[in-house]
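Here's the structure, in C-alpha cells; my notes come after.
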Amino acid sequence: MTATTAERRTYEPPRPVDLRLTLAPLRHGGDVSCRFAADGAWRATRTPDGPATLRLCGTDPANPSGCTRRVEAWAWGPGAAWVLERVPDLLGHDDDDRLDTDHHLVRRMQRSLPGLRMSRSHAVTEALIPTVLAQKVTGRESARSYRRLTRLHGERAPGPAELLLPPSPARLADTGYCDLHPLGVERRRAETVREVARRADRLDALAALPSDDAQRRMRTVPGLGPWTAGNVALAALGDADAVVPGDYHYPHQVAQALAGQPRGDDDLMVQLLEPFRGQRGRVLRMVVLRGPREPRRGPRFAPRTHWAW
C-alpha cells in the first residue's frame, strides 16, 4: 500500500457516538498528531505494523447533538489494517455508560453528553509521553513541549493530512537531556520520558491487561505515579472507572460539582466518587466537561520558559 492509497471501512456503533468528545483525550499539543476538522477526526499513530493515519467521519444527516450512528473510516500507511480493526475500541464499542444514580447534576451532565464514550486506543506509550510532559506544569506548558518535541522528532504521517507521527520510542530513548531542556523539559521529566521510551514494547503490551493490573505495572517505572497511570487509563485503556489522584484541579472540580464545596482534596474526591464505582472515570470526565467551575482564588500560573528550569 502506498501513502496515498486508503483502506476504507464502515462502522455502525451500538449507540450514538460523538467523535470529538470521545477522542479528545488523544489530542495533545494542538493539531500535531490529532485534529478535528470539518472533514472529520484525524489521528496519526504508530502501530505494531508500522505508521498509520486514520480519518473518521460521521455520515448521519445533520445532528444537532454532534452524535452519529454511522462512521466512515479511512486509513493510510502500513498500519492501516491495524487501526481500522480497532476503530470500535477507539470509539468505545463495549463501553457501558449506564449510570444508576439519583444525583440530579450527574444525570443532567450525562443527558448533555449523549455521545461521550470511553476511548480505548491501545497506544499506551503514545499516551504516556505527553502525560509525563504534563507532570507538575500547566496545560499550556505541556502542550507546547509536546508540540515542539513532535515537530523536532516526529515524521510526516502517511496519507493526505499534514499530520506528524508521534516521536518514535527508539529515537526518544537516544535523545539526551540537553536536547529536551530547550523544549521546556527539566531533567526529571526528561529522564522519565527516556525511561518510558526504553520500555515502550513492555508498556504497550499492558493494553491487553485489565486496567488495574496495567496501572500497577506502570507505577513500577521510575517517574510514573498514580496521576500519570490514571490519565493513561482514561485515554488508552478505556477505563470508565479510572480515578486520577494528585491533580491540581480535579479535587476542586469534583467537590464543587458533587458537594457544592469550592475546595477539595484527593480524599474528598475519592469519597464523592465512590457511589459511582465502576463509572468514576466517566463521572470525572463529565464534571470536567460540564460541571460548575470552582471559584478562582488567584491569578493563573504564568507559563514558564526553559530558562526557568
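Data for the structure
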quantity	calculated
Filter result for VAL137 (out of contact with any Phe, Trp or Tyr (no Cβ under 7 Å at 6 or more places or on another chain), within 30 Å of ALA75 (Cα to Cα) and crowded, with 19+ Cβ neighbours inside 10 Å)	no
Residue within the stretch 201-211 that is in contact with a helix residue (DSSP H, G or I) (Cβ under 6 Å, 6 or more places away or on another chain), at pLDDT 95 or above and small (Gly, Ala, Ser) present	yes
Matching residues, the stretch 252-271, being part of a helix (DSSP H, G or I), more than 23 Å from the chain's Cα centre (by Cα) and surrounded by fewer than 17 Cβ atoms within 10 Å (Cβ to Cβ)	ALA259, ASP267, GLN271
So GLU162, is it touching a residue at least 60 places away in the same chain (Cβ under 8 Å), surrounded by fewer than 16 Cβ atoms within 10 Å (Cβ to Cβ) and farther than 27 Å from VAL243 by Cα	no
Residue in the stretch 200-207 that is part of a helix (DSSP H, G or I), in contact with a Ser or Thr (Cβ under 6 Å, 6 or more places away or on another chain) and of a type in the set (Asp, Glu) present	yes
Checklist (1) under 28 Å from LEU272 (Cβ atoms); (2) under 19 Å from the mean Cα position of the chain (by Cα); (3) of a type outside the set (Lys, Arg); (4) in a loop (DSSP other than H, G, I, E, B) applied to ALA214, failing item	(4)
Helices (runs of 4 or more DSSP H) enclosed by the stretch 31-115 - at least 1 residues per element that are more than 26 Å from THR125 (Cβ to Cβ)	104-112
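The values are calculated or read from the model by the stated rules, or taken from the named source; none is laboratory data. Quantities reported herein were computed from a predicted structural model and do not represent experimental measurements. Using ideal geometry, Cβ is built from the backbone for each residue, glycine included, and neighbour counts are taken over all protein chains shown.
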